[in-house]
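Enquirer: Before anything else, here's the structure in question.
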Amino acid sequence: LLVLMGAVGFLLLIVCANMANLLLARLAGRRREIALRGALGAGRWALARPVLAESLILAVVGGALGAGVAFGGLRLLTALPEGQLPRMDQIQVDGAVLAFTMGLSIAVALVFGLLPALHASRTGLREQLTESTGATGGFAARRMLGGLVVVEVALALVLLVGAGLMGRSFSRLLEVSPGFDPSNVVAARVNLPASKYPEQFQRTQFFDAVVARLRGAPGVEAASAASHLPMQSVGVTNVLPFTVEGQPPPEDEDPRSDVRLVTDGFFETMRIPLLSGRFLDARDPAESTRTAVINETMARRYFPDSDPVGQVIENPHGRAEVVGVVADVRYQGLDSEPRKQIYEPLSQSRVGTMAVVARTERDPLSFASTLQREIWAVDAEQPIYDLSTLEQVLARAVFLPRLSASLLSWFAFGALLLAVLGIYGVLSYAVGQRTREIGLRMALGAELRQTLGLVVGNSLLLVGGGVVVGLGAAVLLARSMAGILFGVSPFDLVSFGSAAATLVLAGLAASLVPARRAARVDPLVALRDQ
């Protein structure tokens, strides 16, 4: 949120610089009028007041349009199917938000409208008349406009680097294997009430019956049930201490693991690979010796030099023999390292809430009604929660990184567009102010290539200055983003290099129209008109 808020602030500053550029350029055509009004006795406030009024109108109208976009954006955000922001139902564009937004718009208008207003009001009649003859070409105004464009380019570079880092981080995140196959799997949570199912064997019978019915349904390849779905925390109550019989825990190791209860066929349904031993199945009834399957991370940490199959582990549920080792699953998220996991058969434990999962032959959402029907066939009064596919579960797990990367990309695109407009405006202003100079150069034999190089060179000078300034600020931003990046260094050369190259190309593109205009200057007309 802090990074996004910073991006919004940078974008606002770019808008402010563009607004100041716009007002300065508009005032360039009114130099004589302003100078004459000053010579006739108008004070600095009287000269600055129309400029401030114009900037206030721009800010208020823009703020009102922005508020409308904010209402629409919030509706779009709440309608996204992938996931929800925390406390989404409490997010609203209320009176406080509108007051803050409009107050900020007015403050921006006053501060950044005051800059061109003061510049216009402090210039004397003699200087204005001298500039209007082309002797100086409005050097002071061009210098101020150029400085503002350098600021715009620097801020745009910061946003482009941030967007590049977030985009590459999100791309790396999507490349991570979750440890299971989420395709064509639909799931629903079932919470059996203790009043109706007081005994564990009743709960086991319920889920066994549902799973059996699902396995016989047309189009269902496999079915099972688990206490917790992937990308879903087991909660504090299921993070339990454990010991391995006959050996102390490794040094600097937390002797606790997540415990997940599963029914027969869970690993096959989820397509979690078996590394050694066997899966939990019908050979693990309630009356038999307690059994368990552990994941690869736990096996590597606690049994680095021995086979964990046949070892005995003990936790608050009791003593259990390890019968198998399965591959790691990133239950806490794609950006989290796998934790130690112990899988226990539902038949040998106590739990009332399970997620029923079914792997289907085609689109899993088309089997949602089948899943509901088979659950209600066992108990017609049993409610169903969180009916979704595992691909939707994965999408919800990466919702916030995707949203952050998308927003930063849009902010960076807006910043790039504004920077291009700023460069174009300054170059157009400079060409207009230096028309006589350009005409004189061409009359004295300057080639077309030299005229074009004059304009393009100015563009590259502005972009180069902005890139140099922006690189320092981008380094600070990248360092602050280190904690939210995945698989990408905060000083990723690809992100920095591509951002700089994009701005250079954008600067060249912005200079094309002013350069063509300069190349078409007729020396005779330019000298006569000036």
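Enquirer: Under the condition of being in a loop (DSSP other than H, G, I, E, B) and buried (at least 16 other Cβ atoms within 10 Å of the Cβ), which residue from the range 94-135 is modelled with the highest pLDDT?
Expert: Looking at the filtered set, the residue picked out is Thr123.
Enquirer: Write out, first by first residue and then by second, each pair whose Cβ atoms fall under 6 Å of each other, whose residues are 6+ apart or on separate chains, and whose first residue, in the range 415-430, is under 14 Å from Val151 (Cα atoms) while the second is among the basic types (Lys, Arg) and open to solvent by 40 Å² or more (accessible area, probe 1.4 Å).
Expert: none
Enquirer: From the list Leu365, Leu371, Leu334, which residue is within 35 Å of the chain's Cα centre (by Cα), within 29 Å of Val210 (Cβ to Cβ) and open to solvent by less than 30 Å² (accessible area, probe 1.4 Å)?
Expert: Leu371
Enquirer: If the Cβ limit is 6 Å and pairs must be 6+ apart or interchain, which residue in the range 10-22 that is at pLDDT below 85 and of a type in the set (A, V, I, L, M, F, W, C) pairs with which residue that is open to solvent by 30 Å² or more (accessible area, probe 1.4 Å) and part of a helix (DSSP H, G or I)?
Expert: Filtered contacts from the range 10-22: Cys16/Phe112; Ala17/Val151; Met19/Phe112; Ala20/Phe112; Ala20/Leu115.
Enquirer: Does the range 160-172 hold any residues that are crowded, with 18+ Cβ neighbours inside 10 Å and over 12 Å from the mean Cα position of the chain (by Cα), and which are they?
Expert: Those that are crowded, with 18+ Cβ neighbours inside 10 Å and over 12 Å from the mean Cα position of the chain (by Cα): Leu160, Val161.
Enquirer: Quick one: which of Arg402, Arg436 is part of a helix (DSSP H, G or I), open to solvent by 40 Å² or more (accessible area, probe 1.4 Å) and modelled with pLDDT of 75 or more?
Expert: Going through Arg402, Arg436 in turn, the sole match is Arg402.
Enquirer: Being outside any helix (DSSP H, G or I), in contact (Cβ under 8 Å) with a residue 24 or more places away in the chain, hydrophobic (A, V, I, L, M, F, W, C) and open to solvent by less than 10 Å² (accessible area, probe 1.4 Å) is true for just one of Val322, Val351. Which residue is that?
Expert: Answer to the selection: Val322.
Enquirer: Another one. If you take the residues of the range 259-291 that are in contact with a Leu (Cβ under 8 Å, 6 or more places away or on another chain) and part of a strand (DSSP E or B), which of them is surrounded by the fewest Cβ atoms within 10 Å (Cβ to Cβ)?
Expert: Thr291
Enquirer: Output the residues belonging to the range 325-348 that are hydroxyl-bearing (Ser, Thr, Tyr) and in a loop (DSSP other than H, G, I, E, B).
Expert: Within the range 325-348, Tyr331, Ser336 meet the criteria.
Enquirer: When you scan the range 405-431, how many residues do you find that are among the polar types (S, T, N, Q) and either in contact with a helix residue (DSSP H, G or I) (Cβ under 8 Å, 6 or more places away or on another chain) or open to solvent by less than 10 Å² (accessible area, probe 1.4 Å) (or both)?
Expert: 2
Enquirer: What are the residue pairs meeting all of these: first residue in the range 196-211, first residue farther than 19 Å from Gly265 by Cα, second residue aromatic (Phe, Trp, Tyr) and buried (at least 16 other Cβ atoms within 10 Å of the Cβ), Cβ atoms under 9 Å, and 6 or more apart or on different chains?
Expert: These pairs meet every condition: Tyr197/Phe206.
Enquirer: If you don't mind, there's one more thing I want to ask. So which of Ala358, Ala327, Ala397 ends up being closer than 20 Å to Val185 by Cβ and in contact with a Pro (Cβ under 6 Å, 6 or more places away or on another chain)?
Expert: Ala327
Enquirer: Do you know which residues across the range 467-502 are open to solvent by 70 Å² or more (accessible area, probe 1.4 Å) and over 18 Å from Phe10 (Cα atoms)?
Expert: Scanning the range 467-502 gives Gly483, Ile484, Phe491, Leu493, Val494.
The values are calculated or read from the model by the stated rules, or taken from the named source; none is laboratory data. A quick note: this is a predicted structure, and the numbers were derived from the prediction, not measured. Heads up, the Cβs are rebuilt from the backbone with ideal geometry, glycines too, and the neighbour counts pull from every protein chain shown. Ligands, DNA and RNA are stripped out before the accessible areas are found, and what is left, the full protein with its side chains, is counted by its heavy atoms. Shrake-Rupley method; radii C 1.70, N 1.55, O 1.52, S 1.80 Å.
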